[in-house]
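We did not get these values from a lab; they are worked out from the coordinates using the rules stated. Since this is a predicted model, take the numbers as computed values, not measurements. Because the Cβ atoms are built from the backbone with ideal geometry, glycine has one as well, and the counts that use them run over all protein chains shown.
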Amino acid sequence: MGSVTQLQTTHPEPAFGDDVVLLTVPADGGYLGVLRTATAGLAARLHFALDEIEDLRIAVDEACAMLLAIATRGADLECRFAVTDDALTVEVTVATVRGARLPSESSFAWKVLTALTTSAAAEANGRHATIRLLTRRTEN
């Protein structure tokens, strides 16, 4: 049985003026390259510096690895990219196994996320977990 990758671009409330790209891939490490590539492409569109793009790719990879560790079998990773004039927000969500918990904010994984992005946040409600990364472009 083959897996399906979905890509959808939406233009939400015009008052915010941002573009949103929704990308859904199977919750399997073999598909993380798709998310890393999408991240790099969108960051490049915002004229991020090469090192900022690489930092964001690493952060997305780390966030996904945290989510894959608690994902239910056969789940999908849903990735929402919100593009504004000077920032990229990446929000990754997955269905989780019962009782799943994300690493604490004092863990090494969280230290990596906060070092590589402008801000990182997470929430888990017992059925789904979401990690949200925001990176603002530095002024040149």
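Grab the DSSP H runs of the chain that are 4 residues or longer, score each as -39,500 (n - 2.57), total them, divide by all residues and round the 222 nm result to the nearest 500 deg cm²/dmol. Mind showing how you got there, number by number?
Working: 3 runs with 42 residues, N = 140.
Roughly -9500 deg cm²/dmol at 222 nm, from the helical runs in the chain.
Multiply the residue gap between residue 69 and residue 47 by 0.36 nm, knock off their C-alpha separation, and tell me the result in nm, one decimal place. Working shown, then result.
On the way: separation 22, 0.36 × 22 = 7.92 nm, distance 3.24 nm.
Contour length minus Cα-Cα distance gives 4.7 nm.
Converting the Cα gyration tensor eigenvalues of segment 41-126 into ellipsoid dimensions via √(5λ) gives semi-axes, longest first, of 24, 15, 10 Å. Figure legend: label point modelled 7 angstrom from the Cα of residue 34 along Cα→Cβ; residues of segment 41-58 with amide N under 19 Å from it are 41-43, 57-58. Relative contact order for the chain: 23 percent, from Cα pairs under 8 Å spaced at least 6 residues apart, divided by residue count.
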